[in-house]
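Report on the following structure.
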Amino acid sequence: MRWASRLKDADRMFLIGALLLALIVLASALAPILSSFDPVRGTSPPMRAPSAGHLFGTDNLGRDVFVRAFAATRLDMMLAVVAVGVSLIVGTLVGAVMGMGGRSKVSGFLNLVVDSINAFPFIVLALGVVAVVGPSVPGVLSAIILTGWARYARVARARTAVIADADFVNAARLLGYGRSRVMIRHVFPNVYSESFAFALSELVIVILAIASLSFLGAGVRPPTPELGAMISEGRIMLTRAWWISVFPGAVLALAALSIQLIADGYERMTRYA
Amino acid sequence: MTEPIITVADLHVTFATPRGDVPAVRGVDLVVAPGETVGIVGESGSGKSTLARAIVGLVDAQSGSVTVDGRPVRPVHGRRSRADAATVQMIFQDPYSSLNPRQRPIDAVAEAVHVCQRLDRKASRARAMELLGSVGISQAQCRMKTRSLSGGQRQRVSIARALAAEPKILVADEPTSALDQSIAASLLNLLRRIQSERGIAVVFISHDLGVVRYLAHRVYVMKEGVFVEDGVTVDVFEAPRHEYTRTLVSSVPGAGTTVAHGHAPAQE
Amino acid sequence: MPRRRAGFTDVWRRHRAVQIVARGVAVSFIVATVAFSVLRFAPGDPVLAILGDQATPSAVTAMRAKLGLDGNIFVQYLRFLGHAVRGDLGTSITSGVPVARIIGDSIAPTLSLVAMTAILALIFSVPLGLRLALAPEGLFSKVFRVAASLSLAMPGFFLGLLALLLFAIRWGVAPVAGFTSTFPGALTYLWLPALVICAQLVPILARVFRASVLRTLDEEFIEAAIVRGVSRPRFYWHYLIRPSIAPTIALLGYITGQLLGASVMIEMVFSMPGIGTRLVRAVTTRDYPTVQGILLVFGVLVVLITTLSELVIKRLDPRAGGDR
Ligand SMILES: Nc1ncnc2c1ncn2[C@@H]1O[C@H](COP(=O)(O)OP(=O)(O)O)[C@@H](O)[C@H]1O
Ligand SMILES: [Mg+2]
């Protein structure tokens, strides 16, 4: 492929990531529709090794691991996108307010809150939230949003402080633009583009965190198909039926890798544009 | 003599930094008459930009006063009135940070027209197109992405945006120092034309004596936060009284004798 | 930014050490507040979660008191802080043991794992970062970039599971589970989990170290040293590694956080009886006082290390810091 060698490194990474992600999304969209196997009720003989009929084998309850793995991927990706989207919006807004606030009392207080939330290991604080809300889909979502927004706030705060000092913002102030106009039309759009790049890289971390919580039994609970929970369920059968854990783990790693490549590529593309 | 449009009296500006206070402007007096072009020259770090920012209200004075068009200048962090915007506007040194990268030239200027002149969307865009045309930006360039404009084009867009407010004063902080020489020259011509056509006062800052000589009626020479000399341009350049001015003039071949860019400005 | 004149704030600014410590204390308070708030402000009612919605009002009242959830929120907060400062973190509702004791009993495996990992991570990432900095565009750097992407996209617990499967089960070169706190014996339990965490930590650290070496390489004294013909080992240590270490230390707080988070996962995978395992058990059994206590300890630990590393950096380079 001659055109491929002409691409820049960043473009190539982005492309490979996008292709990989497209494949995974396609598989998770189609697997539950096209396959006759039910992701929750087992209808096949249990613990069968991978074969043409069951690409990833079957688990101890006779469920097809392939169908389950991709149904799980769909759930994990949707949860991650929602969680990242909400934290991105909330965190960036708060961070922008903080960055504009300079040395005011409100932004000083918000600074402390953001730094303190970020002081916690992400997964630890998320576990704390799950303890209250309960191990469930809403539990996972609120855990990740309540602990995640502060990281976007930190990124947006730093970026806003830079942008708020830029000459085009000074020009806007000199022209008598109102505070909200300066914020919405001039500061925010320039902060947002960087926050978006950050969100892409966060998507990887959040997908892994969702799976991690579920792996620990503090996330989405069986029998709902979820990658971390599947890996955890297969754990005790690791020596007898490795495929029950290993295939979901591989799908999870590939999904994370594809997004990682997209995020890295995007970041480098926008940096050198 | 007419009432000055800018009066700066005993201005001090100090920056507090983690390594201690930095006095950037240390007692400066300056007057600018309506329609006059005043040059400020001095080496880098002498406090020119800080003074410029104090005049428009982008930094606060530590003591002293800045009166613009009969009123004390208002810090831009509060709400500025339309009258404030129509008094003084500024052109910045770095063309790459003085335009919002998310706006095309037409949008940036139309926004300024819309806010400052209270025109509706359509009228704003038409007026913006006119302004951009008058500073030499073509119709096609108006709709280009800011990212793809050159430094000189960006400065022209900045000028058009400033003119949208129809200010009485334009403060230009080294608007040409990031540009190639020929491009700088045409930008200077543009500034000259604007100054004479609109009769606005211009405070022109530069470390390039030739450029100041070409534009300014009067000049102030700044060093370490204070003015060491001021006067009518030709006098200062041809018979410098202060040691520092003499070194400045002698270090620029030709600046003291011939005029770098053709004809000298009208003299009093 | 223009600022007001000298005065109290100036004295404050000059004594950065005082400032760093004060900030550390302030953040500790807010960290404690976050640990406190999780129970109170996360959606859902812990009392009903424990007792079920059929509970009698008197049982509910009793449980509220037991969890410290009775009375005005402000009173609750002061009570919580007052107890925490004296080392009283409440009592586990599942076992009746004081939370402080639970933490004391399970902190040894966690801290050993964290320490072991930190040492291994430094041993790997310093030479790696140096190698990357000296040839930033070479094949080595490309391979590193790919490997780093791969390992960062790998779920840590899955990596641990694979390591367990291969090293412990297949090849039998590591124990499958457990921990002992005797010195050389602990190493047999620690090396594999520590390596698993390193697989994800080293790429990050090596990148940070590479960046600071690159910055150091730009400075003039490097050229001077080369011109003077300083000996190789001396050159590396004195002129490259030592001046580049400060930015890595600056990240120590962040790294501790990462390590503690990773240790939660890895302790579970390797069945180590550490705080992480305790925390997960407390979460799944809704043992709120224990959850709250462990959150507090983890948060304060990170703040403590961040504060210490800021002080160390201030020692190393008195000009460093300033506005963050
Ligand atoms: N925001 C700021 N914070 C701290 N010091 C500053 C700031 N802006 C300018 N200075 C200092 O003030 C002095 C004058 O700077 P400036 O006005 O930019 O000079 P010039 O425009 O003549 O080059 C310099 O020593 C500069 O370092
Ligand atoms: Mg300047």
**Item:** Compactness of the stretch B:188-237 as Cα Rg over 2.2 N^0.38 Å, two decimals
**Value:** 1.19
**Complete:** Restricting to Cα pairs under 8 Å and 6 or more apart, the percent relative contact order of chain A works out to 27
**Request:** Let me have the relative contact order for chain B, percent, based on Cα pairs under 8 Å that are six or more residues apart.
**Result:** 24
**Item:** Table column - 3J(HN,Hα) (Hz), the stretch A:21-36, Karplus curve with 6.51, -1.76, 1.60, x for Gly and Pro
**Value:** 5, 4, 4, 5, 4, 4, 4, 6, 6, 8, 3, x, 7, 6, 7, 8
**Request:** For the stretch B:147-222, just the Cα atoms, rotate onto the principal axes and tell me the three extents in Å, largest first.
**Result:** 37, 27, 20
**Message:** Under 5 Å between amide hydrogens, which residues at least 5 positions from B:Val226 or on another chain qualify, with H placed 1.01 Å from N in the peptide plane?
**Reply:** B:Arg26
**Item:** Exposure proxy ranking, count of Cβ atoms within 10 Å, fewest first, for B:Leu190, C:Leu201, A:Leu30, A:Leu175
**Value:** A:Leu30, B:Leu190, C:Leu201, A:Leu175
**Item:** Where trypsin sites (Lys or Arg not before Pro) fall in DSSP loop in the stretch B:127-193, at most 14 other Cβ within 10 Å
**Value:** B:Arg143, B:Lys145
**Request:** May I ask you to give the average projected area over all directions of the convex hull of the Cα atoms of the stretch B:130-256, in nm² rounded to one decimal?
**Result:** 8.7
**Message:** Check which residues have an amide H placed less than 5 Å from B:Met90's amide H, if you skip close sequence neighbours.
**Reply:** B:Val171
**Complete:** Nearest 10, in degrees from 0 to 90: the angle of helix B:105-117 to the longest Cα principal axis of chain B is 80
**Item:** Square roots of five times the Cα gyration tensor eigenvalues for chain C, Å
**Value:** 42, 30, 15
**Message:** Between 0 and 90 degrees, rounded to the nearest ten: what's the tilt of helix C:288-316 against the longest Cα principal axis of chain C?
**Reply:** 20
**Asked** Arranged by the count of other C-beta atoms within 10 angstrom, fewest first, what order do C:Leu159, A:Leu174 take?
**Response** C:Leu159, A:Leu174
**Request:** For n ≥ 4 DSSP H runs only, could you compute -39500 (n - 2.57) per run for chain C, divide by its residues and tell me the 222 nm figure to the nearest 500?
**Result:** -24000 deg cm²/dmol
**Prompt:** What span do the alpha-carbon atoms of chain A cover on each of the three principal axes, reported in whole Å from largest to smallest?
**Reply:** 74, 56, 29
**Fill in**
With -39,500 (n - 2.57) per DSSP H segment of 4 or more residues and division by the full residue count of chain B, the 222 nm estimate, nearest 500 deg cm²/dmol, is -10500 deg cm²/dmol
**Request:** Evaluate Rg over Rh across the protein assembly as shown, taking Cα atoms for both radii and Kirkwood's formula for Rh.
**Result:** 1.04
**Fill in**
So the pair-distance distribution of the stretch A:90-236, from every Cα-Cα distance in 10 Å bins, comes to percents of 11, 33, 27, 17, 9, 3, 0
**Request:** Apply the Karplus parameterisation 6.51 cos²θ - 1.76 cosθ + 1.60, with θ equal to phi minus 60°, to every residue of the stretch A:169-174 and state each ³J(HN,Hα) to the nearest whole Hz, in sequence, with x for glycine and proline.
**Result:** 6, 4, 4, 4, 5, 4
**Asked** How large is the Kirkwood hydrodynamic radius of chain B, in angstrom, based on all distinct alpha carbon pairs?
**Response** 19.0
**Fill in**
Filtered hits (lysines, Cα-Cα < 27 Å from C:Lys142, offset >= 8 within chain) -> A:Lys8
**Prompt:** Sequence-distant or interchain residues sharing an amide H contact under 5 Å with B:Phe15, placed H: which?
**Reply:** B:Val22, B:Ala24
**Fill in**
Expressed to one decimal in nm², the mean projection of the alpha carbon convex hull of the stretch C:186-317 is 10.2
**Prompt:** GNM on chain C, C-alpha springs below 10 Å: top fluctuator among C:Pro289, C:Pro57, C:Pro175?
**Reply:** C:Pro57
**Prompt:** Of C:His15, C:Leu113, C:Pro57, whose Cα points farthest to the positive end of the dipole of the stretch C:6-114 (charges on the beta-carbon: +1 Lys, Arg; -1 Asp, Glu; origin at the Cα centre)?
**Reply:** C:His15
**Fill in**
For the stretch B:5-58, the Debye formula with one identical point scatterer on each Cα and no solvent gives log10 I(q)/I(0) at q = 0.18, 0.24, 0.26 Å⁻¹ as -0.64, -1.04, -1.17
**Complete:** For the stretch A:184-273 the translational diffusion coefficient, Stokes-Einstein from a Kirkwood Rh over Cα pairs at 10 °C and viscosity 1.306 mPa s, in µm²/s, is roughly 107
**Item:** Sites matching trypsin sites (Lys or Arg not before Pro) across the stretch A:180-271 that sit in DSSP coil, with at most 15 neighbouring C-beta atoms within 10 Å
**Value:** A:Arg240
**Asked** Taking the Cα centre of each part, how many Å lie between the stretch A:1-71 and the stretch B:150-215?
**Response** 62
**Asked** If the stretch A:39-83 were replaced by its equivalent ellipsoid, with semi-axes equal to the square roots of 5 times the Cα gyration tensor eigenvalues, what would those be, largest first, whole Å?
**Response** 24, 10, 6
**Request:** Could you run the Karplus curve 6.51 cos²θ - 1.76 cosθ + 1.60 with θ = phi - 60° over the stretch B:126-139 and give me ³J(HN,Hα) per residue in whole Hz, x for Gly and Pro?
**Result:** 5, 5, 4, 4, 4, 4, 5, x, 5, 9, x, 9, 6, 4
**Assigned charges on the beta-carbon of Lys, Arg, Asp, Glu; the protein assembly as shown dipole about Cα centre (debye)** = 900
**Complete:** Of all lysine pairs in chain B that are eight or more residues apart or on different chains, those with Cα atoms under 29 Å apart total 5
**Item:** Alpha-carbon centroids, the stretch C:285-316 and the stretch A:146-161: separation in whole Å
**Value:** 21
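Every number here is computed from the coordinates shown, using simple stated rules; none is lab data. Note that the structure is a prediction, hence the values are computed from the model and not measured. Every residue, glycine as well, gets a Cβ built from its backbone with ideal geometry; the counts of neighbours run over all protein chains shown.
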